[in-house]
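The values are calculated or read from the model by the stated rules, or taken from the named source; none is laboratory data. Just so it is clear, the model here is predicted, and its values are computed rather than measured. Heads up, the Cβs are rebuilt from the backbone with ideal geometry, glycines too, and the neighbour counts pull from every protein chain shown. Please note that ligands, DNA and RNA were not included when accessible areas were found on the heavy atoms of the full protein model with its side chains. Shrake-Rupley method; radii C 1.70, N 1.55, O 1.52, S 1.80 Å.
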Amino acid sequence: MMIHGERPTKLKSNETITANCQSCHKENAVQFSVFQNYMHLLFVPYFFATHKYAASQCNACGEILDQENFPESYVGKAGEAKKSARTPIWFFVGLPVVLFAFYKIYLKYFG
């Protein structure tokens, strides 16, 4: 049973940021989605989120590319999509829980 790890979640798909497909050459057919990994303990997110990354998908031909395989024309658009995607507050829900637990332990033994 895995109690600690890192999991990805989709933050945002920005329909306004589009590009021309490198495979089928259809105009404005590629949309970008932004994902971010977060650390979890017993599947409860805690403390911090890790890096954001982008992926693209063409609505016409279905080609999917991850950030490492982007052509030069996609890099700027993916950067725009990542800037507009915000990290959700629930990624940090574990921090108050841990602080509250330490506070209760402190009160029990030292208070």
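Details
- Residue that is farthest from T16 (Cα to Cα), among those in segment 56-94 that are in contact with a helix residue (DSSP H, G or I) (Cβ under 9 Å, 6 or more places away or on another chain) and among the aliphatic types (A, V, I, L, M): L65
- Any hit, segment 64-84, residues being open to solvent by less than 90 Å² (accessible area, probe 1.4 Å), of a type in the set (D, E) and without any contact (Cβ under 8 Å) to a residue 40 or more places away in the chain: yes
- Of the residues making up segment 85-111, those that are among the aliphatic types (A, V, I, L, M) and without any contact (Cβ under 8 Å) to a residue 40 or more places away in the chain are I89, L99, A101, I105, L107.
- Hits in segment 85-101 (condition: open to solvent by less than 70 Å² (accessible area, probe 1.4 Å) and not hydrophobic (A, V, I, L, M, F, W, C)): T87, P88, G94
- Residue satisfying all of: in segment 48-63; open to solvent by 80 Å² or more (accessible area, probe 1.4 Å) and under 17 Å from P8 (Cα atoms); modelled with the lowest pLDDT among these: F48
- In segment 6-39, residue surrounded by the most Cβ atoms within 10 Å (Cβ to Cβ) [restricted to those that are aliphatic (A, V, I, L, M) and at pLDDT 85 or above]: V30
- Lone qualifier among E68, E27 - being in a loop (DSSP other than H, G, I, E, B) and more than 15 Å from the chain's Cα centre (by Cα): E27
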